[in-house]
1. Among residues belonging to region 4-32 that are touching a helix residue (DSSP H, G or I) at 6+ places or on another chain (Cβ under 8 Å) and of a type in the set (A, V, I, L, M), point out the one that is most open to solvent (accessible area, probe 1.4 Å).
2. How many residues are surrounded by 13 or more Cβ atoms within 10 Å (Cβ to Cβ), of a type outside the set (Lys, Arg) and farther than 22 Å from Glu65 by Cβ if we restrict to region 33-55?
Amino acid sequence: MAIAQIKNLQRRLANLEEEAEAELNRACGHELWQSLGFDALDTMEDSDRRARANYYYGQLQTVRELREALG
């Protein structure tokens, strides 16, 4: 991959990470999920908010795995 492509991919991953964190904060109503992890999402009573939080948590984990793989 060319350097420009890598930088573009890193920028897109950063955007996805920011989006996921913002949506998780919105769905949970707080930032405790950052310290509690996935367990914080399972205790949510509203199934729609829980589903949205699970989706964005999965997105966040995917972004972090990709970043780790790229180095």
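1. Per the stated criteria, the residue is Leu32.
2. 1
The values are calculated or read from the model by the stated rules, or taken from the named source; none is laboratory data. Small disclaimer: the values here were computed from a predicted structure and weren't measured. No Cβ is skipped: glycine too gets one built from the backbone with ideal geometry, and neighbour counts run over all protein chains shown. Keep in mind that these areas ignore ligands, DNA and RNA; they rest on the heavy atoms of the full protein, side chains included. Shrake-Rupley method; radii C 1.70, N 1.55, O 1.52, S 1.80 Å.
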